[in-house]
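The values are calculated or read from the model by the stated rules, or taken from the named source; none is laboratory data. Not measured: the values here are computed from a predicted model. Methodologically, a virtual Cβ is constructed for each residue, glycine included, from the backbone with ideal geometry; neighbour enumeration extends over all protein chains shown. Side chains included, ligands, DNA and RNA excluded: accessible areas come from the protein's heavy atoms. Shrake-Rupley method; radii C 1.70, N 1.55, O 1.52, S 1.80 Å.
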Amino acid sequence: MNEERKNRTPKLLVIGHMRMGKDTFAEILSQEFGMTFESSSQAASDIFLYDLLKDKYDYKTPEECFEDRMNHRPEWYEAICDYNKDDKARLAKGILERTDCYVGMRDRDEIEECLKQDLFDIIIWVDASKRLPMEDASSFNIDKSCADIIVENNGTLKSFYDKTIRVGNLIFKK
């Protein structure tokens, strides 16, 4: 490991199906370990999607665009894929310029390119599939095999919090 990488905050990718606890996982790491993060949807809205969709859906702000994302999930997926067509890691690099953690990547080719470009130190899958439905393949083509660590979120919030702290202690060596 080179000195620059050794002396910086680890770069994380947190993935999993929608509404499974990815942002909660990142929020806990942020509060307890000082890690910065940004949801891919918020970043995409800020970076390019608001400008792309504002006239089509009459959005007044990037936040309004972000809040309406669930109504256009396949469209967002396609737009992000198109944004990344010349460099599958383009959005990831934009997010990592701003934060330590990318939350919510949904495309296997993007993950593979990010790994080739050595952008992430670790990939974490958050799974709540025993209590929540998984999303369809129209906007999500990854699975647990993309992750280095799987964090189960099928129990209580306290249990999930405790697991997140244990993972954080390993990653951030607290």
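A few comments on the model shown:
- Segment 67-83, residues that are under 15 Å from Tyr57 (Cβ atoms), under 15 Å from the mean Cα position of the chain (by Cα) and at pLDDT 85 or above: Arg69, Trp76
- Scope segment 50-66; condition farther than 18 Å from Asp23 by Cα and either exposed (fewer than 14 other Cβ atoms within 10 Å of the Cβ) or under 16 Å from the mean Cα position of the chain (by Cα) (or both); matching residues: Asp51, Asp55, Lys56, Tyr57, Asp58, Lys60, Thr61
- The set of residues from segment 3-24 being within 16 Å of Arg106 (Cβ to Cβ) and in a helix (DSSP H, G or I) comprises Lys22, Asp23.
- Answer residue from segment 146-174, given it is touching a residue at least 40 places away in the same chain (Cβ under 8 Å) and small (Gly, Ala, Ser) and is farthest from Arg8 (Cα to Cα) among those: Ala147
- Only a single criterion out of (1) modelled with pLDDT of 90 or more; (2) buried (at least 17 other Cβ atoms within 10 Å of the Cβ); (3) aliphatic (A, V, I, L, M) is not satisfied by Ile150, namely (2).
- Hits in segment 97-118 (condition: over 9 Å from Phe37 (Cα atoms), hydrophobic (A, V, I, L, M, F, W, C) and either in contact with a Phe, Trp or Tyr (Cβ under 9 Å, 6 or more places away or on another chain) or not in a loop (DSSP other than H, G, I, E, B) (or both)): Ile111, Cys114, Leu115
- Test: residue in segment 128-145 that is polar (S, T, N, Q) and modelled with pLDDT of 90 or more: no
- Pairs with Cβ under 8 Å, 6+ apart, first in segment 92-110 and closer than 15 Å to Gln42 by Cα and of a type in the set (Lys, Arg), second in a helix (DSSP H, G or I) and open to solvent by 20 Å² or more (accessible area, probe 1.4 Å): Arg106/Tyr77
- Selection from segment 69-96 of residues that are open to solvent by 30 Å² or more (accessible area, probe 1.4 Å), in contact with a helix residue (DSSP H, G or I) (Cβ under 8 Å, 6 or more places away or on another chain) and not in a helix (DSSP H, G or I): Asp87, Lys88
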